[in-house]
1. Given a cut-off of under 8 Å on Cα pairs at least six residues apart, what relative contact order in percent is computed for the stretch 1-156?
2. Counting pairs of alpha carbon atoms under 8 Å apart in space and at least six apart in sequence, what relative contact order in percent does the chain give?
3. For an R0 of 30 angstrom, estimate the FRET efficiency from the Cβ-Cβ distance between Ala109 and Lys65 and round to the nearest 0.05.
4. Restricting to the chain, what percent of DSSP beta bridges are antiparallel, rounded to 5?
5. How are the C-alpha pair distances of the stretch 156-262 spread across 5 Å bins, as whole percents from the shortest bin up?
6. Please pull out the direction-averaged projected area of the stretch 22-83, using the convex hull of its alpha-carbon atoms, in nm² to one decimal place.
7. How would the stretch 2-44 be classified by its alpha-carbon gyration tensor: rounded, prolate or oblate, with rounded meaning a/c under 1.5 and the a/b versus b/c comparison settling the rest?
8. Summarise the accessible area of the chain (1.4 Å probe, protein heavy atoms) by the percent that is carbon and sulfur.
Amino acid sequence: MIDAHVHLEKGDYSVEWIKQFVAYAVKRNIDEIYFLEHTHIFKECRNFYNEMSAYNEYQKNWYQKKWEQARPLKDYIDYIEKLKQIDFPIRLKFGLEVCYSPEHEIDIAQMKQMYSFDFLAGSIHFIGGWAFSHMKQRWNKNDYDMDELYERYYALMLSLINSRLFSGLAHPQSLQCYGAYPQKDFRHIYLQLAQALCLNDMYIEESSGLAINYGDKQLGMNADMLECMVRCNVPILTASDAHSPQNVGLYIKEMNDLIQTV
């Protein structure tokens, strides 16, 4: 089994820190981990956050605090090189989770050319600069036209896929973080997304991150999206979005069972 989305940023870049993640993975029969870091923790990625920082005062202050603690990408790359010299009991890959906005495709492409990673996972965290998944600016679905909001969300997702910048699509159900599930029949859009993923040789995550971090009652993609991905033979990688060792591999078996029942 694979956990394709695990973050290291809450600890120091030490061998002891990563061994804690690996230990939990072994306990849960995980054979491979994709470690990745958010681009917002690195100095070189500052431009990616111009629009979200300008959106409101909360987001400006949030990113300013991240920027004050930002580290150079070289720290992460040096850490990866050190870890690749060590024999771990499971397979490890190392990459980045890139916050995608169409305005920054050139910036992302330049970064991709400058640095070598095993993979890049693209994620949608902003809609028009609005950071919709932040717990300190929780929102109510009744205050929005959810059909229109999901159309914008999926349009950004399609742009991300067609940019040809990424290996995979991270947590495609993130907009439902506060119980805002899609109401309209979006199966025609799921088909477009699936076809684009296949065309661009990308995987999609079946993620338990919302269940772990937001208490979401739905595990992974909604049934229509998951069925479309399976029927179209899109590579599906299970992922926990773990930010701490004890969450590595959480619900991976259950998500594999869901995929198998489609």
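The values are calculated or read from the model by the stated rules, or taken from the named source; none is laboratory data. Values in this document were obtained by computation on a predicted structure and should not be read as measured data. Positions of Cβ are generated from backbone atoms using ideal geometry, with glycine treated the same way; all protein chains shown enter the neighbour counts. Please note that ligands, DNA and RNA were not included when accessible areas were found on the heavy atoms of the full protein model with its side chains. Shrake-Rupley method; radii C 1.70, N 1.55, O 1.52, S 1.80 Å.
1. Averaging sequence separation for qualifying contacts and normalising by length gives 24 percent for the stretch 1-156.
2. Over the chain, the number comes to 23 percent.
3. That gives a FRET efficiency of 0.60.
4. 5
5. 2, 13, 24, 24, 21, 12, 3, 0
6. 5.8
7. Oblate, since a/c reaches 1.5 and b/c is not below a/b.
8. On the chain, the fraction of accessible area on carbon and sulfur atoms equals 47 percent.
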